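Since every read-out is calculated from the coordinates, none of them should be taken as a lab result. In this text the structure is predicted, and so the values were computed from the model without any measurement. Glycine also receives a Cβ, built like all others from the backbone with ideal geometry; neighbour counts cover every protein chain displayed.
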Amino acid sequence: MKAVVYDKRESPNVLVFREVEKPIPNDNEVLVKIYAVSINAADYRSMKLGIIPKRKIFGADIAGRVEAVGKNINKFTIGDEVFGDISACGFGGFAEYVVVPESALALKPVSVPFETAAAVPMAAVTALQALRNKGNIQPGQKVLICGAGGGVGTFTVQLAKHFGAEVTAVCGEKNVKVIQSLGADYVINYNENDFTKSGKHYDLVLALNGNHSLFTYKRVLAPKGINVMVGGSLSQVIKSLLFGAFMSIGNKKMRFLAAKPNIKDLEFIIKLVEDGKVKPIIDRHYPLHETAEAVRYLSGGHTLGKVIIEVAQGTV
Ligand SMILES: NC(=O)c1ccc[n+]([C@@H]2O[C@H](COP(=O)([O-])OP(=O)(O)OC[C@H]3O[C@@H](n4cnc5c(N)ncnc54)[C@H](OP(=O)(O)O)[C@@H]3O)[C@@H](O)[C@H]2O)c1
């Protein structure tokens, strides 16, 4: 099969499109023919940190069709359309086929295209777990989303509206119109306005991207407010892990999210997608052989929504 393999001998172009052996499922695995895969920061960040999957193939968010099943598989049959986040079971999505345990997959509604389903898993589940599990979001709350234009941000805006919050989204100028169209009540263009100086306070702050300190986020919290640190630079994330608990003393909470793949969460979100209540935003599509270029584009940090690799072109 064709795959994009991490090979550090080829540095600086470490993602190499080549022929590799097609995997064979064991008794507890499903063989998926991949139709589309989306890229996440987790792909290039793991690469930078030297955390390389065993099969040396990145790509977590897959959508495709079941091609074969091991003898202990009872959740899926051949031909089922499936999708999921396979980062917890070794990645492997930048390829024509992958073998995964059935617990990593959910059935894809037939009405949702493969590329749309591939855009969902990691970004949308992160958004949901940040808002609901860590943020305890409630209807009517004022929610600030910093970094609203990215993969996680575009889902966070829509899910926060779904939960009945008043949403203020911070993004760059080129994303303002799209973020407004997703239902944000207020959109702050960070090139023109500084939300930290508006004097407004929020019940919940989602720190997805942006270069603000923990102190700044704490300052814009209303009494009893919660800040959820989701992303940003590595140093921001480390500071949040080290000092978040300490800074939570008082009535404002500073929390850190480590999102985990979760099938129930995925099924909750794909139902909203199927019903037209949440719309995955797709910035660009690339063919599989241009995955290295697609990863470079995403790692620039200024995409709008998700970047998709069409593995089986013409089928998504
Ligand atoms: N904690 C977890 O479990 C978890 C899980 C998934 C992801 N993450 C992290 O969450 C972060 C977001 O992920 P993602 O997939 O959404 O990334 P992404 O798609 O690469 O985010 C790109 C977006 O960030 C925006 N952005 C960049 N600088 C900004 C700034 N100063 N202010 C406001 N917006 C800014 C960009 O908008 P402009 O082009 O307008 O600048 C762009 O729309 C990443 O750091 C990722 O590693 C964490």
Placing +1 on each Lys and Arg Cβ and -1 on each Asp and Glu Cβ in the range 31-188, then taking the dipole about the Cα centre, the residue among G50, A95, F76 whose Cα reaches farthest towards the positive end is G50
S233 to L107: extension gain in nm, 0.36 nm per residue of separation minus the Cα-Cα distance?
-> 41.9 nm
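At 18 Å minimum axial length over the Cα atoms and a Kyte-Doolittle cut of -0.5, report the qualifying DSSP H helices in the chain, or say none.
The answer, listed by residue number, is 234-247.
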Taking springs between alpha-carbon atoms closer than 10 angstrom, which of E21, E102, E115 fluctuates most in the Gaussian network model of the chain?
-> E21
Cα centre as origin, Lys/Arg/Asp/Glu Cβ charges: the chain dipole, Debye | 1160
Residue-by-residue Karplus 3J(HN,Hα) for the range 104-120, coefficients 6.51, -1.76, 1.60, Hz, glycine and proline x | 8, 10, 10, 6, 8, x, 4, 6, 9, x, 4, 5, 5, 5, 5, 6, 7
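So which trypsin sites (Lys or Arg not before Pro) in the range 1-71 pass both tests, a DSSP loop state and at most 13 other Cβ atoms within 10 Å of the Cβ? Before the final figure, lay out each step's value.
Values: sites: K2, K8, R9, R18, K33, R45, K48, K54, R55, K56, R65, K71; in loops: K54, R55, K56, K71.
Hits after loop and neighbour filter: K54, K71.
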Can you give the convex hull volume of the alpha carbon atoms of the chain per residue, in Å³?
-> 129
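Give me I86, I62 sorted ascending by neighbouring Cβ count inside 10 Å, so fewest comes first. Please report the intermediate quantities before stating the final value.
On the way: I86 27, I62 32.
The fewest-first ordering by Cβ neighbours comes to I86, I62.
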Given the options S248, S213, S111, which has the most mean-square fluctuation in a GNM of the chain, springs set between C-alpha atoms less than 10 angstrom apart?
-> S111
In debye, nearest 20, what is the charge dipole magnitude of the range 186-316 about its Cα centre with +1 on Lys and Arg Cβ and -1 on Asp and Glu Cβ, if you could check?
-> 760
Once the Cβ-Cβ distance between R219 and N262 is put in as r, and R0 is 35 Å, what FRET efficiency do you end up with, to the nearest 0.05?
-> 0.60
Euclidean distance of C-alpha centroids, the range 74-153 and the range 210-269, integer Å | 21
Of all chymotrypsin sites (Phe, Trp or Tyr not before Pro) in the range 234-306, which ones are in loop regions per DSSP and have a Cβ with at most 15 other Cβ atoms within 10 Å?
-> none
Of V37, V82, how do they rank once you tally other Cβ atoms within 10 Å and put the fewest first?
-> V82, V37
The chain: most fluctuating residue of S11, S299, S240 per GNM, C-alpha cutoff 10 Å | S11
